[in-house]
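A short write-up of the structure that comes next.
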Amino acid sequence: MTLRLEKVTPDNFEAAVGIRVRPGQEPNVAPVVKSLAEAYVHPDGVAWPRLILDGDRAVGFLMAFFDIDWHGDGSVHRSGLWRLNIAADAQGRGCGRFAVDAVAAEIRRRGGKELHVTWHPGPTGPEEFYLRLGFRRTGEVSEGETVGVLEL
């Protein structure tokens, strides 16, 4: 595999919005088109949407955030992984790990020391994936989702 990230552009937009997770995982992550809409409406480049490619084939999508006001009151700023969609037929091949590593590298490049993520709890959620990568539960819940953190 030759994985890389690419900005979402008019040339690869259809490939990005065509990414579908495994059946049963849909309730755990928003479709790519919703993520791209959110990236568009959030000001100041808060969202960092990227297509994950294996060669020329779209195998996933991620959207990160950097230094956001987590509680909306200026008390806590965080960076992390907002969305991760890995195509059903690409799961289990290292694409998700690559995505997390890429976001971690970008956070470090920007001076950050922690990568945050939230996930839906339950048997079809990605908790085991994140825990295997070294994330730990913070004990927080945000909008019904478990909050995890990875020390960088």
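Of note:
- Length-normalised contact order of region 1-112 in % [C-alpha pairs under 8 Å, at least 6 apart]: 26 percent
- Here the Karplus relation 6.51 cos²θ - 1.76 cosθ + 1.60, evaluated at θ = phi - 60°, turns the backbone of region 49-60 into coupling constants of x, 9, 8, 9, 10, 10, x, 9, 9, 6, 10, x Hz, with x for every Gly and Pro.
- Relative to the current alpha-carbon distance between Arg4 and His42, full extension at 0.36 nm per residue lengthens the span by 11.2 nm.
- ³J(HN,Hα) computed for each position of region 144-150 - Karplus, 6.51 cos²θ - 1.76 cosθ + 1.60, integer Hz, glycine/proline x: x, 10, 6, 9, x, 9, 10
- Note on the chain: antiparallel DSSP beta bridges, both residues inside, total approximately 95 percent of the bridges counted.
- In this structure, the amide hydrogen of Asp67, modeled 1.01 Å from its nitrogen in the peptide plane, lies closer than 5 angstrom to those of Arg78, Ser79, Gly80, counting only residues at least 5 positions away or on a different chain.
- Label zone at Glu140, where the point sits 7 Å out along the Cα-to-Cβ direction: region 75-91 residues whose backbone N lies under 14 Å: 75-82
- Fully extending the segment from Arg22 to Ser75, taken as 0.36 nm per residue of separation minus the present Cα-Cα distance, adds 15.3 nm.
- Nonlocal amide H pairs with Arg20, under 5 Å, H built at 1.01 Å: Ala88
Throughout, read-outs are computed from the coordinates displayed, never taken from laboratory work. These numbers come from a predicted model, not from an experiment. Using ideal geometry, Cβ is built from the backbone for each residue, glycine included, and neighbour counts are taken over all protein chains shown.
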